[in-house]
Amino acid sequence: MTVEFDESLEIPLSALRLKRRERARWGRRLLAAIVCRLEKRRSRRKLSELTDDELRDIGLTPAQAKAERSKSWFWF
């Protein structure tokens, strides 16, 4: 079995590929978390634009809508 090395670092290329895949996986998870948080923020912003009649149509009271809108978009 032959192992290829990166001449500048003397690290097996397979190890470098593994690190690259791990970083890509981490980046995809981070991006998914950001997208999820921004979607919640957008949904809460839209919720604040609904009238009382529209809130009743979706089964919420104005108090429930206000409680949801007041949640932090960043943490939850």
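Read the figures in this text as sums done on the coordinates, not as results from a lab. Note that this is a predicted model, so its numbers are computed, not measured.
List of remarks:
- Rounded to the nearest Hz, the phi-derived 3J(HN,Hα) couplings of region 43-53 under the Karplus curve 6.51 cos²θ - 1.76 cosθ + 1.60 (θ = phi - 60°) are 5, 5, 5, 5, 4, 5, 8, 7, 7, 4, 5, where x marks glycine and proline.
- Cross-link partners of K66 among lysines (Cα-Cα below 16 Å; sequence separation of 8 or more within a chain): K40, K46
- Residues whose amide H comes within less than 5 Å of that of L60, counting only those at least five positions distant or on another chain, are absent (H built at 1.01 Å from N in the peptide plane).
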